[in-house]
Amino acid sequence: MKLAFSTLGVPGLPLPDVLSLATAHGYHGVELRAHPEEPVHPGLTPAERAEAAALFRAAGVEVVGLAGYARVAAAGEDGPVLAEIRELVRLAHDLGAPFVRVFPGAGPDVPREEADAIAARRLGAAAEDAAALGVRILLETHDSHRTGADAIRILGPVGHRHAGALWDVLHTWLGGEQPDDSYAALAPHLGYVQVKDVASAEDTTPLPLGAGAVPLAECVDVLTRRDWDGWLCWEYEKRWYEKAAPLEELLGEGREYLARLLGEAA
């Protein structure tokens, strides 16, 4: 498996500095938070996109994917959601990124079957456009659909190779799902895996990997036993927890921890 980290952990950091961190600490890739607060977002000009892609190539670091914020199961018209996803897909294509992350985001007042149908319809439509550009749209296990069992209710009916899953191991754990069950549900659709650690379900302040209660060893063991060889991406939520320790100080130990888990699982 290849190791990456998300720029959610280094809010607003310029790309050259992000890439310096990746190369200094032995990470093979970076997941880019695609938001106007960040150096990379859909508002970039063609020249700015080309410059960003060139920086990654020069550093020998891959863009794992773009972490967007489109909510495919949210109530409302399809048009704005599809337009947002298409902008992200185009940006991913221009940067050479294989994946775009989207959220479920169904509101509490929307019946489950209706939310599933809305999300499947939108993902199916967006996947056709993504296929033409060689990009996969990944539904993250998150918010209204936090387990693998939840996500498969959407992805199963879509049945498109360019609509897949992003396994956020924190949310499947918070949803009470065992790693074996999460993998079994998501495996046919799995794009990559986000790892993170927190103290408890009640305190989700980000911690160094291995310092909390998330069953990271079990997750890595499941992936290894099934010969999965994709990305493990550390999503450290510094943007939402300003008092959390700086990710820059944790990246080296985090990579060593993941490498140790991989070695033990093998």
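Counting Lys +1, Arg +1, Asp -1, Glu -1, what net charge surrounds Arg153 among other residues with beta carbon under 10 Å of its beta carbon? Neighbour charge sum, excluding Arg153 itself: -2. With a simple spin-label model that places each label point 7 Å from the Cα along the Cα-to-Cβ direction, the separation between Ala24 and Ala201 comes to 3.9 nm. The ratio of the alpha-carbon radius of gyration of the chain to the globular-protein estimate 2.2 N^0.38 Å is 0.94.
Rolling a 1.4 Å probe over the protein heavy atoms of region 186-266, with every protein chain left in place, gives an accessible area that is 46 percent carbon and sulfur.
State the antiparallel share, in %, of DSSP beta bridges confined to the chain, rounding to the nearest 5.
5
Taking all protein chains into account, the per residue accessible area for the chain stands at 41 Å² (1.4 Å probe).
With 0.36 nm allotted per residue and the present C-alpha distance subtracted, the Ala83-Ala50 stretch has 9.7 nm of extension available.
Overall, region 43-156 carries a charge dipole of about 260 debye about its Cα centre when +1 sits on the Cβ of Lys and Arg and -1 on the Cβ of Asp and Glu, all other atoms neutral. Need the full-extension length gain, Arg161 to Ala75, defined as separation in residues times 0.36 nm minus the C-alpha distance. One decimal, nm. Here the answer is 28.5 nm. Computed from the C-beta positions of Glu37 and Ala59 and an R0 of 22 Å, the FRET efficiency is 0.50 to the nearest 0.05. With helices as the sole contributors, the chain gives -13500 deg cm²/dmol at 222 nm; each DSSP H run of n ≥ 4 counts as -39500 (n - 2.57), and the sum is divided by every residue.
Take the Cα of Ala217, step 7 Å toward its Cβ, do the same at Asp17, and the gap between the two points is 3.6 nm. Distances between placed amide hydrogens fall under 5 Å for Ala163 paired with Ile137, all partners being 5 or more residues away or on another chain.
Bridge orientation summary for region 1-153: considering DSSP beta bridges with both residues in this region, about 5 percent are antiparallel. Let me know the shape class of region 1-144, please: from the alpha-carbon gyration tensor, a ≥ b ≥ c as square roots of the eigenvalues, rounded when a/c is under 1.5, otherwise prolate if a/b is greater than b/c, or oblate. It is prolate, given that a/c is not under 1.5 and a/b is the larger ratio.
One decimal place: the segment Ala184-Asp129 gains 17.0 nm when fully extended, by the rule 0.36 nm per residue minus the C-alpha distance.
Would you kindly give the portion of the calculated P(r) for region 191-241 that falls above 19 Å, as a percent of all Cα pairs? Value for region 191-241: 29 percent of Cα pairs lie more than 19 Å apart. When the solvent-accessible area of region 92-142 is split by element, carbon and sulfur atoms take up 53 percent of it, the probe being 1.4 Å.
Roll a 1.4 angstrom probe over the protein heavy atoms and tell me the percent of accessible area of region 1-47 that is carbon or sulfur. That share works out to 63 percent. Listed peptides 92-99, 29-36 appear in the order 29-36, 92-99 once ranked by packing, highest mean of other Cβ atoms within 10 Å at the front.
The values are calculated or read from the model by the stated rules, or taken from the named source; none is laboratory data. This one's a predicted model, so the numbers in the text were calculated from it and none came from an experiment. No Cβ is skipped: glycine too gets one built from the backbone with ideal geometry, and neighbour counts run over all protein chains shown. Just so you know, the surface numbers come from the protein's heavy atoms only, side chains and all, with ligands and any DNA or RNA stripped out. Shrake-Rupley method; radii C 1.70, N 1.55, O 1.52, S 1.80 Å.
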